[in-house]
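**Student:** One structure, pasted below without further comment.
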Amino acid sequence: MDIVQFKQEVIEYSKTIGIDKIGFTSASTFDEMKNRLIRQQAHHYQSGFEEPDIEKRVNPSLLMDKPRSIISIAVAYPSKMKVRVVSKRGERRGIFCRASWGKDYHHILRERLQKLEEFIQARIPEAICKSMVDTGELVDRAVAQRAGIGWSGKNCSIITPEFGSYVYLGEMITSLPFEPDEPMEDRCGSCNKCVDVCPTGALIQGGQLDAQKCVAFLTQTKGFLAEQYREKLGNRLYGCDTCQTVCPENKGKDFHLHKEMEPDPEVAKPLLRPLLFIGNREFKEKFGPVSGSWRGKKPIQRNAIIALAHYKDETAVDDLIKVMTEDPRPVIRGTAAWALGKIGGEESLAALKQALQQEKDGEVIPEIEKGLSFIEQ
């Protein structure tokens, strides 16, 4: 088979199955990314969610026998809601990042990659393919950059000329000798907006991220959130879009190309107070289909409590008192105590004083004391 012609057939087929951009690169080691990951590890910047073996993240030959090429795909997602809901007094809302608005992108991209694999193997049965999305070993961004999907921005996202950085990425290692595409040159230039406005200073410099400080990472942790980050959270329940929304390359970029990626406003921007008491079954039914639910309800509930403190929502005081006194989880009780202190008022003060007399947990007591100190200052 003419591999040049077949590459074109793969490109054409990809357009029919909901792949918005496709690129090809060699299966050689990603040396530049390896050096970056070594520096990241040396500075303890990694999140802990990634594959710990750096070699596996940059060397395709460790993941498949005799790989010869990698196919990178990008699928564009919306940056705006068609139907908007408003956060207002008594009905305050949180927000999930745009990458978690529709159906879980892991499923969407895996389905498309599976179809692409079937297309390739139907024509070349001996072809070997190994696909991965996000949770795979390879660094999606490194593959996409070298395959010409876009350039690696200072915000640590792949930025495409067509869709900005609002794209999901996936890749497929293959045994076929596809001709590699040309990598795209960096277009960030002297622009430093994303680095300058990062809420926690997690973008150390262009293209280097301290994941331990990144709000997107922090929203996914399950323990007490360090106090210096709580007020940075705002009303974010999962993820953070700040470094994308300020990017000039994203101005005017909003694509609604795939029905399954359209957000349900009540899921993407849900009311905060009902989240405090949501049961496991209801949480799974409502939020289970989106990627932002993967860590379970506890981080979302903790972040909802912090968001209510951000709004200083006095209408939530009774609910927060109930959480502080009745929830079995120390992280949730303690965060509620902190939030009551931030909101303030006589009712909060009285409840915190009473809670201090009754609470036995060594992690919750300091949070109650913090709450009291906010009001008694």
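Any read-out appearing in this document is the output of simple, stated calculations on the displayed coordinates, not a laboratory observation. Predicted model only: the values in this text are computed from it and were never measured. Glycine gets a Cβ as well: all are built from the backbone with ideal geometry, and neighbour counts include every protein chain shown.
**Student:** Output the relative contact order of the chain, whole-number percent, from Cα pairs under 8 angstrom with separation of 6+ residues.
**Tutor:** 19 percent
**Student:** Could you calculate the FRET efficiency of His107 with Lys370 from 1/(1 + (r/R0)^6), where r is the beta carbon distance between them and R0 is 35 Å, rounded to 0.05?
**Tutor:** The computed FRET efficiency comes out at 0.30.
**Student:** Considering only DSSP beta bridges where both residues belong to the chain, give the percentage that are antiparallel (nearest 5).
**Tutor:** That works out to approximately 95 percent antiparallel.
**Student:** Looking at the chain as a GNM with Cα springs under 10 Å, which of Gly102, Gly334, Gly90 has the largest mean-square fluctuation?
**Tutor:** The residue that fluctuates most here is Gly90.
**Student:** Reachable lysines from Lys322, Cα under 22 Å, same-chain residues fewer than 8 places away excluded?
**Tutor:** Candidates past the 8-residue exclusion: Lys222, Lys297, Lys298, Lys312, Lys342, Lys353, Lys360, Lys370.
**Student:** Would you mind ranking Met184, Met324 by Cβ crowding within 10 Å, fewest neighbours first?
**Tutor:** Placing the least packed residue first, the sequence is Met184, Met324.
**Student:** May I pose another question? If you average the sequence gap of Cα pairs under 8 Å that are 6 or more apart and divide by the length of the range 214-376, what percent do you get for the contact order?
**Tutor:** 21 percent
**Student:** Determine the calculated [θ] at 222 nm for the chain from helices alone, applying -39500 (n - 2.57) to every DSSP H run no shorter than 4 residues and normalising by the residue count; nearest 500 deg cm²/dmol.
**Tutor:** -12000 deg cm²/dmol
**Student:** How much length is gained on full extension from Ser47 to Arg281, taking 0.36 nm per residue of separation minus their Cα-Cα distance?
**Tutor:** Taking Ser47 through Arg281 to full extension adds about 81.4 nm, to one decimal.
**Student:** Could I ask something else about it? Between Gln220, Gln228, Gln244, where does the largest GNM mean-square fluctuation fall for the chain, given springs only between Cα atoms within less than 10 Å?
**Tutor:** Gln228
**Student:** Using Cα springs under 10 Å in a Gaussian network model of the chain, which residue among Asn303, Asn155, Asn280 shows the largest mean-square fluctuation?
**Tutor:** Asn280
**Student:** Report the label-to-label distance for Arg123 and Lys66 in nanometres (one decimal), using points 7 Å from each Cα along the Cα→Cβ vector.
**Tutor:** Using points 7 Å along Cα→Cβ, the separation is 2.2 nm.
**Student:** Which of the chymotrypsin sites (Phe, Trp or Tyr not before Pro) across the range 94-133 are loop residues per DSSP, with 13 or fewer other Cβ within 10 Å?
**Tutor:** Those that pass, being in a loop and sparsely packed, number zero.
**Student:** By count of other Cβ within 10 Å, fewest leading, how are Arg295, Arg141, Arg68, Arg84 ordered?
**Tutor:** If I rank by nearby Cβ atoms, fewest first, I get Arg84, Arg295, Arg68, Arg141.
**Student:** Taking neighbour Cβ counts within 10 Å as the exposure measure, how do Asp53, Asp313 sort from fewest upward?
**Tutor:** Asp53, Asp313
**Student:** State, to one decimal in nm, how far the label point of Lys222 lies from the label point of Glu9, with both points 7 Å from Cα in the Cβ direction.
**Tutor:** For the pair Lys222/Glu9, the computed spacing is 4.8 nm.
**Student:** For the range 214-376, give the magnitude of the charge dipole about the Cα centre (Cβ charges: +1 Lys/Arg, -1 Asp/Glu; no others), in debye to the nearest 20.
**Tutor:** It comes to approximately 480 debye.
**Student:** Then there's this: Can you work out the FRET efficiency for the pair Ile204 and Thr16, with r the C-beta to C-beta distance and R0 = 30 Å, to the nearest 0.05?
**Tutor:** 0.10
**Student:** Could you work out the longest stretch of the chain that avoids the GluC sites (Glu not before Pro) located in DSSP loops with at most 14 other Cβ atoms within 10 Å?
**Tutor:** 186-362
**Student:** Now a separate question. Just grab the label-to-label distance for Arg39 and Arg295, each label 7 Å out from Cα along the Cβ direction, in nm (one decimal).
**Tutor:** Using points 7 Å along Cα→Cβ, the separation is 2.7 nm.
**Student:** Go ahead and run the numbers for FRET between Asn192 and Glu32, Cβ-Cβ distance against an R0 of 25 Å, rounding to 0.05.
**Tutor:** Computed FRET efficiency for Asn192 and Glu32 comes out at 0.75.
**Student:** For Lys56 and Arg329 in the same chain, what is the full-extension length gain: residue separation times 0.36 nm, less their Cα-Cα distance, in nm?
**Tutor:** 94.6 nm
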